[in-house]
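Enquirer: Before I ask anything, let me first share the structure, which is written out below as structure tokens.
The values are calculated or read from the model by the stated rules, or taken from the named source; none is laboratory data. A quick note: this is a predicted structure, and the numbers were derived from the prediction, not measured. Don't worry about glycine lacking a Cβ; one is built from the backbone with ideal geometry, like all the others, and counts go over all protein chains shown.
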């Protein structure tokens, strides 16, 4: 029987197994287990823990009761502060997937790799692939409330950093049609993947030829896009692997890259 996890979720799991072997991560775990008065090897995973992690209201934020009860009344919130600490730490390590930070939280308490917390309030959000029901998502926002509009912008701005390529699915489409669409449009998807940081592996490395092409486009950025395309055809001919619409994106990305230097 095959795994119930998607192949992309299995990739996240494999990454996490390597992630916790890093010296910085091992030091972080040791430090915060001491901070929380946990045993050096973490807590044992009980049947109650397993049930809460699987069926609880917010399993991804689960903190064992016995960890909370170990503190005086005025420090009961101390274990909960570690949630944000784990998320911040994984971000500092260059990992933008929310699920990896929460897996680290569970590992900190139990010294075991628990199920990837890909489900949040009934929505799959934290795999490399993300399933989101847009009508429900928009219900959170009000087009007359400027604060909520700002929240909506921040939400989609954050999502765009980890899941920049979006597939909109009409309810009439079939699974076979979706597979066919992805197969026939994968070249275009690849163009957007090349210049985006991976939430797991960090920035994708460009080969020398790709960077030379991008430099060439940026050097001619003052020219009309159509003229740049003609120059590219003259220079690269049949080996040219971008279309007209991608030139502006390359110019924008190269400008940002140079500003960061």
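Enquirer: Looking at region 36-55 only, could you name the residues that are under 27 Å from the mean Cα position of the chain (by Cα) and surrounded by fewer than 13 Cβ atoms within 10 Å (Cβ to Cβ)?
Expert: 51, 54, 55
Enquirer: Restricting to region 65-82, and then to whatever is under 24 Å from residue 47 (Cβ atoms) and at pLDDT 80 or above, can you tell me which residue is surrounded by the most Cβ atoms within 10 Å (Cβ to Cβ)?
Expert: Filtering region 65-82 for residues that are under 24 Å from residue 47 (Cβ atoms) and at pLDDT 80 or above, the one surrounded by the most Cβ atoms within 10 Å (Cβ to Cβ) comes out as 82.
Enquirer: What do you reckon, is residue 54 assigned to a helix (DSSP H, G or I) and either touching a helix residue (DSSP H, G or I) at 6+ places or on another chain (Cβ under 6 Å) or modelled with pLDDT of 85 or more (or both)?
Expert: It is false that residue 54 is assigned to a helix (DSSP H, G or I) and either touching a helix residue (DSSP H, G or I) at 6+ places or on another chain (Cβ under 6 Å) or modelled with pLDDT of 85 or more (or both).
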